[in-house]
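Report on the following structure.
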Amino acid sequence: MFETLKKATLDKIFVLMAEYAADPRTDKIDLGVGVYKDHTGLTPIMSSVRKAEQRILDAAKTKTYMGVVGNKGFSAAVVDLALGGVVDLKRIRTVNGAGGTGALSILMNVLSRARPGGRIFISDPSWPNHWPMAELVGLKPHFYPYFDAQSRRVDFEAMMRAVDDLTSDDVLLIHGCCHNPTGANLSRGQWDAVVESLERTGAFPLIDLAYLGFGDGLEEDAYGVRKVVSSVPESMVAFSASKNFGLYRERAGVAIAIGRNEADAEIVSSQMQNVIRATISQTPDHGAEIVRVILEDEELRAEWQAELTQMRERMKRLRVKLTDAIRQRSNSRDFDFIAEHSGMFSLLGLPQDVVEELKTKDGVYMINDSRINVAGIPEGRIGELADHLLAAIR
Ligand code: LMR
């Protein structure tokens, strides 16, 4: 059987993670995989999560099945958090996903049933998993321009030329906030223009919302997604709790579908449930229950928000500090974009050989497209990191 198979390409992010783990150097710096890290380099369990987990353990009586739609309290709390009541709940249906990726996969599967072989437009560049995920369900991925490599900002004119050309059979995959990998995000005015275009063409928006609260704040980061779902008749959102609740390995996510009306929403719901049953039958619940407990409890919710704010502010501070250190040493503003970007990532725009040299010579690990995870910047060694970066590009 297996002799017919070829070796598949593994995702570069996880290949790099393994390389980093195997590197014996004690002064190595991990700017690779997108996980939040504290000042000690640890991806911590949030205190609100620990408390919720304890409550769950104390109260648990069973581990029987939840049903195919999963933890309804979790989904409802997430819909409220992300969409903020801008759409009539009658038009919304949800199922839990195994993480944000699981949620996105369910939604893509349903879209592929609605438009077999249909086109899905993905930003260039995008999270490396978007393209293979689309292919796996039988959608035809295409890129739309997104990033201007010179200015390291969104190339909005080029993006809109492509977006304006979409048809009502096309899917537009948009990062809800904190664009991965570039860190360059749409302004409010640009979101408004995208929405106007979607209203005109009827193209279908699919929003990947994996970093809510990591950019400018929970409400601020939700502007785009709320604008889209409240303006167009049909849309979908994949929500991930991996980053903002630090629940990476628990796989907590919600697939949200918004139909024209209740009857359409019911149909989409049945399709989502059908996909779950035929793939993993039931989604995991531990992470979902943690998020439900936190969001439904005033005190725990406030504690979680404070922790999230701290994480966000730390990432912003690291951006500014690295930018300042580079500016002081080089007397140039070429890297100022790092402080202007938001979320967890910045795409530095370095050539591959420079990225490779930083890894082999200095032990500085970043994704080979030169994406850095800002949370991995070691606060006490920012000068050293700036020196490495500047030496490598010279
Ligand atoms: C990343 O982009 O590094 C994270 O989202 C981890 C992943 O699953 O790729």
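The values are calculated or read from the model by the stated rules, or taken from the named source; none is laboratory data. None of the values given here were measured: they were computed from a predicted structure. Virtual Cβ from ideal backbone geometry, glycine too; neighbours counted across all protein chains shown.
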message: Every residue in the stretch 223-245 that is surrounded by fewer than 22 Cβ atoms within 10 Å (Cβ to Cβ), in contact with a helix residue (DSSP H, G or I) (Cβ under 7 Å, 6 or more places away or on another chain) and in contact (Cβ under 8 Å) with a residue 60 or more places away in the chain, please.
response: 226
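Where in the stretch 71-156 are there strands (runs of 3 or more DSSP E), lying wholly inside it, with at least 2 residues that are not assigned by TED's automatic domain parsing to the domain that holds residue 219?
none
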task: Among what's in the stretch 179-194 and is surrounded by 15 or more Cβ atoms within 10 Å (Cβ to Cβ) and in a loop (DSSP other than H, G, I, E, B), pick the residue that is nearest to the ligand (Cβ to nearest atom).
output: 180
query: Hey, among 43, 26, 62, which residue is within 16 Å of the ligand (Cβ to nearest atom) and in a loop (DSSP other than H, G, I, E, B)?
result: 43
message: Can you tell me which condition residue 107 does not meet? The list is (1) within 16 Å of the ligand (Cβ to nearest atom); (2) within 16 Å of the chain's Cα centre (by Cα), and all the others hold.
response: (1)
- request: Among the residues of the stretch 140-149, write down those that are surrounded by fewer than 17 Cβ atoms within 10 Å (Cβ to Cβ) and more than 17 Å from residue 348 (Cβ to Cβ).
  value: 140, 142, 143
query: Within the stretch 9-23, which residues are closer than 28 Å to residue 310 by Cβ and either free of Cβ contacts under 8 Å to residues at least 40 places away in the same chain or assigned to a loop (DSSP other than H, G, I, E, B) (or both)?
result: 14, 17, 21
task: Return a yes/no flag: does the stretch 350-357 have any residue that is surrounded by 18 or more Cβ atoms within 10 Å (Cβ to Cβ), in contact with a Ser or Thr (Cβ under 6 Å, 6 or more places away or on another chain) and part of a helix (DSSP H, G or I).
output: yes
- prompt: Among the residues of the stretch 123-137, is there at least one that is more than 16 Å from the ligand (Cβ to nearest atom) and on the phi > 0 side of the Ramachandran plot?
  reply: no
Residue ranges of helices (runs of 4 or more DSSP H) in the stretch 264-348 with at least 1 members within 16 Å of the ligand (Cβ to nearest atom) and not assigned by TED's automatic domain parsing to the domain that holds residue 213: 298-330
- line: Exactly one of 184, 162, 238, 203 is under 30 Å from residue 303 (Cβ atoms) and assigned by TED's automatic domain parsing to the domain that holds residue 105, and that residue is 238
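So that you can scan it fast, the table gives a plain yes or no per residue for (1) touching a helix residue (DSSP H, G or I) at 6+ places or on another chain (Cβ under 6 Å); (2) in contact (Cβ under 8 Å) with a residue 24 or more places away in the chain; (3) surrounded by fewer than 24 Cβ atoms within 10 Å (Cβ to Cβ):
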site	(1), (2), (3)
138	yes, yes, yes
151	no, yes, yes
162	no, yes, yes
176	yes, yes, no
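Scan 246, 215 and give me the residue that is touching a Ser or Thr at 6+ places or on another chain (Cβ under 6 Å) and either within 16 Å of the ligand (Cβ to nearest atom) or not in a loop (DSSP other than H, G, I, E, B) (or both).
It is 215.
Here's the yes/no breakdown for (1) in contact (Cβ under 8 Å) with a residue 40 or more places away in the chain; (2) in contact with a strand residue (DSSP E or B) (Cβ under 6 Å, 6 or more places away or on another chain):
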position	(1), (2)
72	no, no
115	yes, no
127	yes, no
131	no, yes
